[in-house]
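Derivation of every value follows stated rules applied to the coordinates shown; laboratory data play no part. In this text the structure is predicted, and so the values were computed from the model without any measurement. We place every Cβ from the backbone using ideal geometry, glycine too, and count neighbours over all the protein chains shown.
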Amino acid sequence: MADRVTVIGWDGSPLTAAARSALSAATLVAGAAHHLALPEVPPGAERIRLGSLGLAARRIAGHRGTAVVLADGDPGFFGVVRTLRAPEHGLEVEVVPAVSSVAAAFARAGMPWDDAQVVVAHPRTLRRAVNVCRARGKVAVLTSPGAGPAELALLLEGVHRTFVICEELGTDRERVTVLTSDAAADHTWRDPNVVIVIGGTGHTATADTPWLLGQSPAQTPAARRGWAHPDTDPYAGEGESAQLRAAQLARLGPRPGDLVWDIGTGHGALAVDAAAFGAAVIAVDADPRACERVTAAARRRGVQIQVVAGRAPHVLENLPEPDVVRVGGGGAAVVAAVADRRPERIVSHASTRDQAEAIGRTLTEHGYAVECALLQSVGLDTRTWAEQERSVVFLLAAERPVNR
């Protein structure tokens with residue numbers, strides 16, 4: 001095992017005395033090509049070009065001598081320290097940090113970043129990173145080859161954002177470019193880069209003092225507490241009771257990185273609640289007035305929602321892949337079209353048993369595990385305890401088996 005492992009962050013500025021001291025004693029140095037070209041790297045040290053971090057960690061663990069790992073920015077912030085400290089390698093490390101690439105990118109943009117979300121985009125996580133960009137008004141994306149500014153822009157089609165693209169920060173080739181997301185796909189970008197994605201509700205600076213990194217307007221102390229509030233919208237339709245929405249949200253479990261479809265969104269209460277949980281939401285309705293109402297509701301709540309006017313199932317064909325879906329209207333035909341897209345979970349409701357059986361049968365035929373419950377809620381006036389309104393509805397919840 002290596003006698004000593006030091007991880008040095010580099011942000012383009014001259015190395016500190018501690019970093020130079022560790023490098024001068026190194027018998028093994030690992031890093032990217034531009035790190036290994038630094039003049040402070042001892043000529044006689046073994047050099048490892050970082051590709052697979054796991055493979056490099058195993059080689060470092062088996063090295064007899066003093067090892068140094070060079071990384072861009074702060075190596076403890078979405079960096080190599082996590083891999084090196086994994087139990088299977090058994091490495092104890094010392095860290096000499098530098099300014100993180102995220103902090104440097106926001107500094108170049110002259111913007112605060114305590115209200116920003118930070119995500120890492122690899123080809124396997126790109127879609128989830130894009131969903132965070134859909135849901136939030138300020139996001140920093142740490143990109144990778146195959147999951148860079150162009151790929152982000154392509155998957156954000158239909159959602160307008162501004163990109164601040166910071167290439168090769170801290171080097172002589174550093175470049176900062178500001179452009180709209182629809183133009184980013186037309187360029188070739190140099191790695192490594194950080195993309196600041198800005199736009200939509202809640203991205204403007206406010207006088208509020210942040211207290212939690214990455215908080216959104218819907219999560220501030222001044223925001224209304226709770227979700228699935230009792231209906232106050234005069235346009236709320238059948239099957240849109242607060243109790244039903246609470247049950248549907250509980251079964252969907254929307255979370256950051258998810259894309260939620262809310263089909264037949266109505267007055268948009270469920271869509272707004274799902275967005276407040278941090279999920280990206282596309283609300284679909286054939287009624288233009290409903291689309292206007294959900295847009296206004298999202299603005300009041302300070303959340304991001306993409307509203308699509310059109311009738312399902314045809315309007316769903318060009319939408320990005322969902323993780324969870326609420327079908328508020330359209331019956332078995334719409335449910336079938338949704339199931340063809342293979343989301344993890346689908347919830348719907350029906351006012352009659354025949355309708356419920358048709359929806360349940362459709363979901364089962366598509367390979368989903370289906371549950372159905374008859375929900376009854378009765379509103380009471382607490383001054384007289386007289387019944388105000390009664391709602392009876394079948395709730396259907398379907399989950400795609402893990403192996404499908």
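A simple charge model with +1 on the Cβ of Lys and Arg, -1 on the Cβ of Asp and Glu and nothing else charged puts the dipole of the chain at about 520 debye relative to its Cα centre. Among the trypsin sites (Lys or Arg not before Pro) in segment 341-391, those placed in a DSSP loop whose Cβ has at most 13 other Cβ atoms within 10 Å are R383. For segment 36-106, a Kirkwood hydrodynamic radius built from all Cα pairs, placed in the Stokes-Einstein relation at 25 °C and 0.890 mPa s, yields a translational diffusion coefficient of 184 µm²/s. Dividing the Cα radius of gyration of the chain by 2.2 N^0.38 Å, with N the residue count, gives 1.19.
Projecting the alpha carbon convex hull of segment 19-177 along each direction and taking the average yields 10.4 nm².
Given 10 °C and 1.306 mPa s, compute D for segment 249-322 with the Stokes-Einstein relation, Rh being the Kirkwood radius over Cα pairs; round to the nearest whole µm²/s.
Reported coefficient: 133 µm²/s.
How large is log10 of I(q)/I(0) for segment 299-387 at q = 0.19 Å⁻¹ when the intensity is taken from the Debye formula with one equal scatterer per alpha-carbon? Each listed q corresponds, in turn, to -0.92. Counting Lys +1, Arg +1, Asp -1, Glu -1, what net charge surrounds W10 among other residues with beta carbon under 11 Å of its beta carbon? Within the 11 Å Cβ shell, the charges total -4.
3J(HN,Hα) along segment 351-365, derived from phi through the Karplus expression 6.51 cos²θ - 1.76 cosθ + 1.60 where θ = phi - 60°, amounts to 8, 10, 5, 4, 5, 4, 5, 5, 5, x, 5, 4, 5, 4, 4 Hz, with x in place of Gly and Pro.
Computed over segment 1-55, the P(r) curve from all C-alpha pair distances, binned at 10 Å from the origin, holds 22, 61, 18, 0 percent per bin. When the helices of the chain are scored as -39500 (n - 2.57) per DSSP H run of n ≥ 4 and the total is divided over every residue, the value at 222 nm lands at -7500 deg cm²/dmol.
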